[in-house]
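The values are calculated or read from the model by the stated rules, or taken from the named source; none is laboratory data. No experiment lies behind these values; they were computed from the predicted model shown. Because the Cβ atoms are built from the backbone with ideal geometry, glycine has one as well, and the counts that use them run over all protein chains shown. Protein only, heavy atoms only, side chains kept; ligands, DNA and RNA dropped before computing areas. Shrake-Rupley method; radii C 1.70, N 1.55, O 1.52, S 1.80 Å.
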Amino acid sequence: MHEGTPILVSIGVILLVLFVMGYVGGKVKIPGVILYIFLGLGIGTFISENELLYTASEIGIVLLFFLLGLEFPLKKLKKMAIKVWKPGLLDVVLNFGISAVICLFFGLDLLTSFIIGGVLYATSSSISAKLLESTKRLANAESEYILAILIFEDIVAPIIVAVLIGLASDSGITGMDFMILLGKILLLTVVAMVIGRFGFTRLEKFFERLVGSDIFIMLTVGIALSYAGLALLLGLSEVLGAFLAGIMLAESKRSEAIEQVTLPVRDLLLPIFFMHFGTTIDLGEGVPYVGLLLTLVGWALLGKIFVGILGGRWYGLTKRVALRAGFSLTPRGEFSVVIATIATGAAKVFSSVFILTSAILGILIFILAPKLTNLFYEKKRVKKNIKLKVPG
């Protein structure tokens, strides 16, 4: 904004523009995250190094992961891990591991390869959940498996972010440094679980008295920001700290009330995170690594389809339903953006272009998933009928 413009006018205009983008996105069935990034790309030259926007975007992403963690009490985490660990690990190997190997094959360094592998890893929870609802497929057989994979990714992705940030902060990391990094993650996780199990489980009545009061939001958001800040002090990701804070508070058995007061703040600030990310992208020198981009876009689609087919069969789905699930796991979104913020220079531009490309293609393939599945199985049925008609 112009140097002499009052800050209130700047903030008001930004929020109104974000409203327009979100409204248009809702009308044309395009998730807001894509439009917000495009908006940031468009206004990046007018907004540079704005501390207020950066802080607002940080709070928005912290509250996103805090609310995600709130969905996972310790008992639920245990049940989910037992049921979906095999397809979940397959997802990690195919979409994080092999993606990183492809980057190494194209000549990228190890850290950049891991960052781009992280960008390719997670399916967008927000985009996929909204698409399941808008296409009226929540009652379909594959929806439980899709949601289970999304939950597994929600748990693993913050850990990947924490590790990548730790690696990026020290270019000369040794084996011992890596062990110390994993030790910090383990310590932060164990402390959160102990506080949740032996602390917040005993504060149920205390939380019950606070529900509905005007100070309740100060407690919930304060805990989320404090534990996220503690993660930063340890050289880890605020995303992991926020997620663990949500798990802690989930043990208070007041998740619904906490979500009710925290959700409006997240919804106000989270679009600013995606817009701010868009302002940091510089396409002035064009798209780097075009050959790698085309390769990874293709693998991004195939990798998720394989997770649907193989993992879905392990989960107990029929071949047809598993294929439909695979076509529905392709959109990337918020986790990819969070990991892309770790990248710099050409890797950041590359990650940004990939996210926008795969999100748009993923949405299209998700919508067409039933038709694509039917087309595939119709061909198989036709071939089978032809064989039966051939005289022996």
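Annotations
- Low-density loop cleavage sites - GluC sites (Glu not before Pro) in segment 25-129, where at most 10 other Cβ are within 10 Å (DSSP): Glu49
- Across the chain, Cα pairs under 8 Å and at least six residues apart give a relative contact order of 29 percent.
- Label zone at Phe105, where the point sits 7 Å out along the Cα-to-Cβ direction: segment 273-315 residues whose backbone N lies under 15 Å: 291-303
- Cut-off 15 Å between beta-carbons: net charge of the residues surrounding Thr189, Lys and Arg +1, Asp and Glu -1: 0
- Charge sum, other residues only, whose C-beta stays under 10 Å from Ala322's C-beta, Lys/Arg counted +1 and Asp/Glu -1: +3
- Mean accessible surface per residue for segment 7-375, computed with a 1.4 Å probe while every protein chain stays in place, in Å²: 45
- Between the C-alpha center of segment 101-154 and that of segment 288-303 there is a gap of 15 Å.
- Long pairs among Lys27/Lys79; Lys27/Lys205; Lys29/Lys253; Lys130/Lys319; Lys27/Lys319, criterion Cα-Cα beyond 32 Å: Lys27/Lys79; Lys27/Lys205; Lys29/Lys253; Lys27/Lys319
- Protection proxy ranking, highest mean first, for peptides 292-298, 124-130, 232-238: 124-130, 232-238, 292-298, where packing is the per-residue count of other beta-carbon atoms within 10 Å, averaged.
- Computed from Cα atoms, the angle from the helix 345-389 axis to the main principal axis of the chain rounds to 30 degrees.
- A Förster radius of 22 Å, combined with the Cβ-Cβ distance separating Ile82 from Thr201, puts the computed FRET efficiency at roughly 0.50.
- Summary of packing: across the peptides 35-44, 153-162, the per-residue average of other C-beta atoms within 10 Å ranks them, highest first, as 153-162, 35-44.
- For Glu71, the shell of other residues with beta-carbons less than 10 Å away shows a net charge of -1, using +1 for Lys and Arg and -1 for Asp and Glu.
- Rounded FRET efficiency, nearest 0.05, which uses the C-beta distance separating Asn374 from Gln260 and R0 of 35 Å: 0.30
- Most to least packed among 320-328, 207-215, 181-189 [average Cβ atoms within 10 Å]: 320-328, 181-189, 207-215
- Listed options for Cα extents along the principal axes in Å are (i) 68, 59, 48; (ii) 80, 53, 50; (iii) 115, 54, 40. The value calculated from this structure is the one marked (ii).
- Between Val93 and Arg209, the FRET efficiency estimated from the beta carbon spacing at R0 = 56 angstrom works out to 0.75.
- Centre separation in Å (Cα based) which lies between segment 81-97 and segment 204-249: 29
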